[in-house]
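The values are calculated or read from the model by the stated rules, or taken from the named source; none is laboratory data. This is a predicted model, so every value here is computed, not measured. Ideal geometry is used to build each Cβ from the backbone, glycine not excepted, and the neighbour counts take in all protein chains shown. Heads up: the accessible areas ignore ligands, DNA and RNA and are worked out on the full protein's heavy atoms, side chains in. Shrake-Rupley method; radii C 1.70, N 1.55, O 1.52, S 1.80 Å.
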Amino acid sequence: MDFSFEVSKKDKKSLARAGVIHTSHGDILTPAFSPVATKASVKTLTPDDLRAAKTQVVLGNTYHLYLKPGTETLKKFGGFGPFMRWHGPTISDSGGYQVSFLRSKSEDGRLVKITDKGAIFSSYLDGSRHLITPEKSMEIQKILAADIIMAFDQPLGSDYSPLKKKEAFERTMKWEERSFSAWKKLKSNQALYGIVQGDIDRSLRRKSLKFVLSLGFPGIAMGGESIGVSPKITAETLDAVADILPLDKPLHALGLGGGPEGIFTAVQRGVDTFDNTSITRMARTGLLFIYPEDGGSISNKFRIDIEKSKFKNARAPISNKCSCYTCKNFSAAYLHHLFLTRELLGLRLASIHNVFFVNDLMERIRNSILEGDFRAFKKYWLNRG
Ligand SMILES: [Zn+2]
């Protein structure tokens, strides 16, 4: 396996750490953000845009890529990275989250049926029926050819009854074990991460992590909705396992939300990489990040709404602090105009800015850890206004 993780420096007072994940497609300097290329595209951005916005790694969705373009096409191209012409490191999720999400959307159970064997679901594209098992997820992910892949799991819905929760939790452990065996047999060059589930139940999270560690996965991912909801719940979820997190394995937070506050919360608790779709989704609705120097704070969630009339004649860029392509070249008034007139260029310029902002924040966090002042840096960002 062409994969390793090293910690370059640890923060003295928290689990925050700066490290390097080595992959056959290059290094990921951590902590790092992975934009999501759901269907082999980070919406509106080319690989050149991504690189210019300091992107190190992108994540593709197994569920979507399996349905379209499908494994036959991706096999011909050698994976979704080469297909989308992204030559850096990649991650794929297992499809478990999407399958679970589909289930919660379906009241009559017709859309997806989950048994111990796997998940049978109908394609949202043409209604055809598909079965994804842990073994199948590993086979698909081998074809997607990401450097980091995920075990097949069934995340717990926060609305699940205690019985349903118990079933899903135990099923996930069995599926992780089967994912692990299938991955071993496939002898791929990919690093398989075990997923820690358990929602907001402390004992379940601990049990899940201990199980993942006992199997010997090369990396760990924190899954479920309690990582994405709010910084407070993210903190509780990660605190539940803080004392048993291994120091030598990379930790990924799946779908980590909460903007800069959520990011600091997670990094402080040992998260090395995370993905999130809302950073680019927000960009496409005109919600753009700003630095503390621009007036960003917890109270305004470090962002502005570019459609607000106060930007109508604003000659300054979205952020004076930001050095992305958008901020170096365009006024906030121009972005405001593009959004009000629904011009497609607005979506791209906004996406470039938000992706750059988060990648740049991660780089600054990393530097603060390396220089031994993560705590002061975090305080500077979060203790304002
Ligand atoms: Zn910018």
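Surface listing: Thr55, Thr73 arranged by accessible area from highest to lowest gives Thr73, Thr55, probe 1.4 Å. DSSP beta bridges confined to the chain are antiparallel in about 50 percent of cases.
How much length is gained if the chain between Ala242 and Ser323 is pulled fully straight, taking 0.36 nm per residue apart and subtracting their Cα-Cα distance, in nm to one decimal? Intermediate values should be presented prior to the final figure.
Values: separation 81, 0.36 × 81 = 29.16 nm, distance 3.54 nm.
Difference between extended and current length: 25.6 nm.
When its C-alpha radius of gyration is set against 2.2 N^0.38 Å (N residues), segment 288-382 gives a value of 1.15. Comparing Ser14, Ser208, Ser41 in a Gaussian network model of the chain where C-alpha atoms under 10 Å apart are linked, the largest mean-square fluctuation is found at Ser14.
Roll a 1.4 angstrom probe over the protein heavy atoms and tell me the percent of accessible area of the chain that is carbon or sulfur.
Values: 8480 of 16450 Å².
Within the chain, the accessible surface is 52 percent carbon and sulfur.
Greater than 18 Å separation of Cα atoms is the criterion. Which listed pairs, Lys9/Lys301; Lys43/Lys301; Lys10/Lys301; Lys165/Lys207; Lys232/Lys321, meet it? Lys9/Lys301; Lys43/Lys301; Lys10/Lys301; Lys232/Lys321, as the Cα separations exceed 18 Å there.
Going by a ≥ b ≥ c, the root eigenvalues of the Cα gyration tensor, does the chain fall in the rounded group (a/c under 1.5), the prolate group (a/b larger than b/c) or the oblate group? Since a/c reaches 1.5 and a/b is larger than b/c, the shape of the chain is classed as prolate. For a label point 7 Å from the Cα of Lys312 along Cα→C-beta, name the residues of segment 342-361 whose backbone N is under 20 Å from it. Answer for segment 342-361: 342-343.
Given the pairs Lys75/Lys249; Lys312/Lys378; Lys13/Lys54; Lys328/Lys379; Lys39/Lys142; Lys13/Lys378, which are separated by over 21 angstrom at their Cα positions?
Details: Lys75/Lys249 30 Å; Lys312/Lys378 33 Å; Lys13/Lys54 28 Å; Lys328/Lys379 28 Å; Lys39/Lys142 16 Å; Lys13/Lys378 12 Å.
Too far apart for the 21 Å limit: Lys75/Lys249; Lys312/Lys378; Lys13/Lys54; Lys328/Lys379.
Using a 4.7 Å Cβ cut-off, which Cys residues in the chain lack a partner cysteine? Singleton cysteines: Cys324.
When the Cα centres of segment 172-187 and segment 299-336 are compared, how far apart do they sit, in Å? Rounded to whole Å, the Cα centres lie 47 Å apart. Quick one: Cα centre-to-centre distance for segment 346-367 and segment 226-244, in angstrom? Cα centres, segment 346-367 to segment 226-244: 24 Å.
Using a Gaussian network model of the chain in which every pair of alpha carbons under 10 angstrom is joined by a spring, one finds that among Glu293, Glu170, Glu139 the greatest mean-square fluctuation is at Glu293. With all protein chains in place and ligands, DNA and RNA left out, the 1.4 Å accessible area ranks Arg51, Arg348 as Arg51, Arg348, largest first. Solvent-accessible surface (1.4 Å probe) assigned to Met84 amounts to roughly 30 Å².
Give the shape of segment 153-250 as rounded, prolate or oblate, defined through the alpha-carbon gyration tensor: a ≥ b ≥ c are the square roots of its eigenvalues, a/c under 1.5 means rounded, and otherwise the shape is prolate if a/b is larger than b/c and oblate if not. Intermediate results must be reported in sequence, preceding the final value.
Numbers: a/c = 2.06, a/b = 1.36, b/c = 1.51.
Note, shape of segment 153-250 comes out oblate.
Taking 12 Å as the straight-line reach from the Cα of Lys12, the aspartates and glutamates in range (excluding those fewer than 8 positions away in the same chain) are Glu371, Asp373. Rg and Dmax, both from the Cα atoms of segment 326-385 and both in Å, are 15.7, 46.
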